[in-house]
Amino acid sequence: MALRDGVVADVRVVASIVEALERARPSHVGIDMPVGLVDGPRDTDAAARALLPGRASSVFSTAPRAVVEGWVSGSITTHAAATARSVAVSGVGLSQQAWRLVPKMAEVEALAAGGTVLTEVHPELAFATVAGAPLPRKRSWPGLMLRRDLLAGLGVDLPVRFEGDHRAAPDDVVDAAVCAWVADGIAGGAPVREVPDDTSQTAHGRPIVITVREV
């Protein structure tokens, strides 16, 4: 999803992050994916959980860097192998959800390593910051409607139809919208903050943090 001056300019379903960047050519990118990996727990994940009472489970544990690197090299091809590597380097296993995201995480890492600046956004935390409290689950009716209404209040009016909409899950659309809203705020100089506000963990020359936009 692309915003220009706070207004939805384009919504499409694409196969890869690279394709999205090539189509929209945005000045700033907000993405609901880990940007920056370590071989152990990330400070930003723990900090985000602390800010989401009752919804901490929405922040999944990020796969260790060694697992993503192993997938890229071809030495890790199964969840069992990924879990074994995760236990070896971090002391904890890897969920099926995290394993399914490894290919996309590898794509993000390759882009970031190549110099593409990606801002990590966590939609649950972004919406909770706007609302002042965590929201109901996004796949529930009240959760979806509240997110849509919050976006409308921010000037982000979602279209009824868009290219590829038959393949888009409603909760993914509102998540993409709030990520775009955060990125648009960065582009326009709106107040933002990093979570946590201080960390020694870095990757690609930048602190590993989740960014939220203030209202």
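Given the options Val8, Val14, name the one that is under 25 Å from Leu158 (Cα atoms), outside any loop (DSSP other than H, G, I, E, B) and either in contact with a Phe, Trp or Tyr (Cβ under 8 Å, 6 or more places away or on another chain) or modelled with pLDDT under 95 (or both).
Val8
Taking Thr83 as the residue in question, decide whether it is more than 12 Å from Met33 (Cβ to Cβ), among the β-branched types (Val, Ile, Thr), open to solvent by less than 40 Å² (accessible area, probe 1.4 Å) and at pLDDT 95 or above.
Taking the combined requirement at face value, the residue satisfies it.
Return yes or no: is Arg49 within 15 Å of Thr211 (Cα to Cα), of a type outside the set (Phe, Trp, Tyr) and open to solvent by 60 Å² or more (accessible area, probe 1.4 Å)?
The answer is yes for Arg49.
Considering each of Pro34, Pro26 in turn, give the residue that is part of a loop (DSSP other than H, G, I, E, B), under 24 Å from Trp181 (Cβ atoms) and at pLDDT 95 or above.
Testing whether each residue is part of a loop (DSSP other than H, G, I, E, B), under 24 Å from Trp181 (Cβ atoms) and at pLDDT 95 or above leaves just Pro34.
List every residue pair whose Cβ atoms sit under 9 Å apart, with the two residues 6 or more apart in sequence or on different chains, where the first one lies in the stretch 177-193 and is open to solvent by 30 Å² or more (accessible area, probe 1.4 Å) and the second, anywhere, is in a helix (DSSP H, G or I).
Close Cβ pairs satisfying both conditions: Pro191/Gly185; Val192/Val182; Val192/Gly185; Val192/Ile186; Arg193/Thr129.
Considering only the stretch 47-62, how many residues are assigned to a loop (DSSP other than H, G, I, E, B) and polar (S, T, N, Q)?
The qualifying residues number 2.
Could you check the stretch 117-145 and list, in sequence order, the residues that are open to solvent by 10 Å² or more (accessible area, probe 1.4 Å) and touching a helix residue (DSSP H, G or I) at 6+ places or on another chain (Cβ under 7 Å)?
Passing the criteria: Thr119, His122, Glu124, Val130, Ala131, Pro134, Leu135, Pro136, Arg137, Lys138, Arg139, Leu144.
For Pro41, which of the numbered conditions (1) part of a loop (DSSP other than H, G, I, E, B); (2) at pLDDT 95 or above fails to hold?
Single failed check for Pro41: (2).
Of the numbered conditions (1) small (Gly, Ala, Ser); (2) in a loop (DSSP other than H, G, I, E, B); (3) closer than 30 Å to Arg4 by Cα; (4) open to solvent by 30 Å² or more (accessible area, probe 1.4 Å), Ala20 fails exactly one; give the number of that condition.
Against the list (1) small (Gly, Ala, Ser); (2) in a loop (DSSP other than H, G, I, E, B); (3) closer than 30 Å to Arg4 by Cα; (4) open to solvent by 30 Å² or more (accessible area, probe 1.4 Å), Ala20 comes up short only on (2).
Checking the conditions here, which among Gly164, Gly185, Gly115, Gly153 is over 17 Å from the mean Cα position of the chain (by Cα) and within 16 Å of Ile31 (Cα to Cα)?
One residue alone meets the criteria, Gly115.
Identify all residues within the stretch 30-75 that are touching a residue at least 12 places away in the same chain (Cβ under 8 Å), within 24 Å of Gly114 (Cβ to Cβ) and out of contact with any strand residue (DSSP E or B) (no Cβ under 9 Å at 6 or more places or on another chain); write none if there are none.
Correct list: Asp39, Arg42, Thr62, Ala63, Pro64, Ala66, Val67, Val68, Gly70, Trp71, Val72.
The values are calculated or read from the model by the stated rules, or taken from the named source; none is laboratory data. In this text the structure is predicted, and so the values were computed from the model without any measurement. A quick note on method: Cβ atoms are made from the backbone with ideal geometry, for glycine too, and the neighbour counts reach across all protein chains shown. Just so you know, the surface numbers come from the protein's heavy atoms only, side chains and all, with ligands and any DNA or RNA stripped out. Shrake-Rupley method; radii C 1.70, N 1.55, O 1.52, S 1.80 Å.
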